[in-house]
Amino acid sequence: MHLSMIGAGYVGLVSGACFAEFGHQVTCVDKDASRIEALKQGKMHLYEPGLGELVQKNFRDGRLVFTTDLGKAVETSLAVFIAVGTPPRGDGSADLSAVEAVGKEIAAHLNGYKVVVTKSTVPVGTGERLRQIISKHKPEGVSFDIASNPEFLREGSAVEDFFRPNRVVIGAESPQAIAILKDLYRPLYLIETPILLTNIATAEMIKYASNAFLATKISFINELANLCEPLGVDIHQVAKGMGLDGRIGSKFLHPGPGFGGSCLPKDSQALVKMAEAQQVELRVLSGVVAANQAQRERMMGKIRSLVGPLKGKTIAVLGLAFKPNTNDLRESPALWIVSQLAKEGAQVRVYDPEAMTDARAVLTGQSIVYAQDAYDAARGSDAVVLATEWNQFRNLELEKLKGVMRQPNFLDLRNVYDPDRLIALGFQYVGVGRAGTKTKP
Ligand code: NAD
Ligand code: UGA
């Protein structure tokens, strides 16, 4: 089947390449001409394990093409997916301007029946709004359907998530749209992926509800971790004990500096706003959002309690991306912490395996030093802050690290290390939810 994917960002590029791998003919469209040109030359603008190979293979085989020409892509497609960004507006609600602009453009190029599918995360009612926009701007006599097919992939494991999803949600209300979407996902039937068929509004809500629930688990465990510290309880044992209950589950109970990324923060806020518009208060989710901001601030308190006032101190920050295996810096707690450290007068030496180039564009100023590796970052530092748990930070040569530091303070925001081991080596160690600062007796 011919389909087009409008927006060649994380979701559009991953979904486009994976649909091409299923054997479909995919046109990826983006308005960013330099991005499209780079993709044609096999250069990726984002770091996502396995994606480069998949893109190159399907491009070479002719099943995946890149263009800035939305009109032509639409004209040759039976299904048109919208995968553009839906960033937060100033008040936290979702900005739908890109989705609506694309809707108008699609309408202008409808030359026969097509199903227009939102893959972007969009508030309930957007499908209906899109139907109105397209109806208003399309040529007379051509028919179309709207569908919602929210995406649940995680950055860093996006390709695997697309090929082995926990479920596929299809929000569609006409037999033709349902048949087309089922056909697109046919290869997943073979591995017995649950396919949930529902109406459009419900599909839109399932996406927000899922992200909001994941965010809730994280804020819950973070707040509990904070309580465990003064009580001398290890949060990991608590999370394990909770997670063994099948009703709770063990996933997303890892404490840290708070959730980041382009979706959990924005979608939680957008859902609160969606509820406000209906005069419904989401008290739990509002608390989740507030707890997440407080968690970042609490991490700063931990650094101050280790090294004292930050003015004139040198702090090494390991990891800048919001999670490992991506170069995505959007809403990264690490990035926020670096900015705060610099604001409070510290010299910050940073290192990330994949996000350095992007970080240089957003983190500027004399007080930021871009290091060559973790040990270079730690050179002359008063504390090392492990902010993102890349694999290469999980097995640091700790003696070597200590040797280059000014003061052996280790702030493990991802609880990667065994506190006793670091303390035995002469570090002052602070984790999250692990009974506060421990020092060698
Ligand atoms: P992104 O910013 O990486 O990519 C969006 C792309 O759309 C950009 O390349 C941009 O140039 C392009 N674009 C914007 N306006 C356009 C237009 N008028 N015509 C053509 N191209 C246009 O965004 P993303 O992270 O891929 O997210 C896209 C959507 O998917 C969002 O709604 C997001 O919430 C949702 N989502 C993201 C993820 C994720 O892991 N990133 C996962 C699930 C859902
Ligand atoms: C998240 C969801 O997991 C995806 O299902 C969804 O499709 C996507 O958002 C989206 O809508 O964009 P992603 O943002 O890639 O995926 O990353 P996650 O793995 O969910 O991590 C989000 C944040 O939570 C990271 O900052 C991570 O460090 C943090 N986290 C995660 C914790 O602090 N503790 C945990 O136990 C798990």
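In the Gaussian network model of the chain, springs joining C-alpha atoms below 10 Å, which of Ser34, Ser219, Ser148 carries the largest mean-square fluctuation?
Largest GNM mean-square fluctuation: Ser34.
Taking all protein chains as present, what is the carbon and sulfur share of the accessible area of the chain, in % to the nearest whole number, probe 1.4 Å? The partial results should precede the final answer.
Numbers: 9800 of 18970 Å².
Result for the chain: 52 percent of the exposed heavy-atom area is carbon or sulfur.
Quick one: helix 175-184 against the long Cα principal axis of the chain, what's the angle to the nearest 10°, folded into 0 to 90?
The angle comes out at about 50 degrees.
Give me the angle, in degrees from 0 to 90, between the Cα long axis of helix 10-21 and the longest principal axis of the Cα atoms of the chain, rounded to the nearest 10.
Between the helix axis and the principal axis of the chain, the angle is about 60 degrees.
Along the charge dipole of the stretch 200-441, Cβ charges K/R +1 and D/E -1, which of Ala355, Ser305, Val288 sits furthest on the positive end?
Of the listed residues, the answer is Ser305.
Return the subset of Lys323/Lys400; Lys104/Lys207; Lys302/Lys343; Lys138/Lys207; Lys40/Lys207 for which the Cα-Cα distance in this structure is over 20 Å, preserving the input order. Don't skip to the end; give the middle numbers.
On the way: Lys323/Lys400 25 Å; Lys104/Lys207 24 Å; Lys302/Lys343 16 Å; Lys138/Lys207 28 Å; Lys40/Lys207 32 Å.
Too far apart for the 20 Å limit: Lys323/Lys400; Lys104/Lys207; Lys138/Lys207; Lys40/Lys207.
Count the DSSP beta bridges whose two residues both fall in the chain, then state the antiparallel fraction as a percent rounded to the nearest 5. The partial results should precede the final answer.
Values: 5 of 49 bridges.
If we restrict to bridges inside the chain, about 10 percent are antiparallel.
Using only the alpha-carbon atoms, how far is helix 333-343 inclined from the longest principal axis of the chain? Give it as 0 to 90 degrees, nearest 10.
Roughly 50 degrees, rounded to the nearest 10.
Please give the calculated 222 nm ellipticity per residue for the chain, where each DSSP H segment of at least 4 residues contributes -39500 (n - 2.57) and the sum is spread over every residue; nearest 500 deg cm²/dmol? The partial results should precede the final answer.
Numbers: 18 runs with 197 residues, N = 441.
Result for the chain: -13500 deg cm²/dmol, rounded to the nearest 500.
Over the chain, give the accessible area per residue in Å² for a 1.4 Å probe, as an integer. Write down the numbers at each step before the final one.
Values: 18970 Å² over 441 residues.
About 43 Å² of surface per residue is accessible.
The values are calculated or read from the model by the stated rules, or taken from the named source; none is laboratory data. Everything numeric in this text was worked out from a predicted model, so none of it was measured. No Cβ is skipped: glycine too gets one built from the backbone with ideal geometry, and neighbour counts run over all protein chains shown. These accessible areas exclude ligands, DNA and RNA; they are computed on the full protein's heavy atoms, side chains included. Shrake-Rupley method; radii C 1.70, N 1.55, O 1.52, S 1.80 Å.
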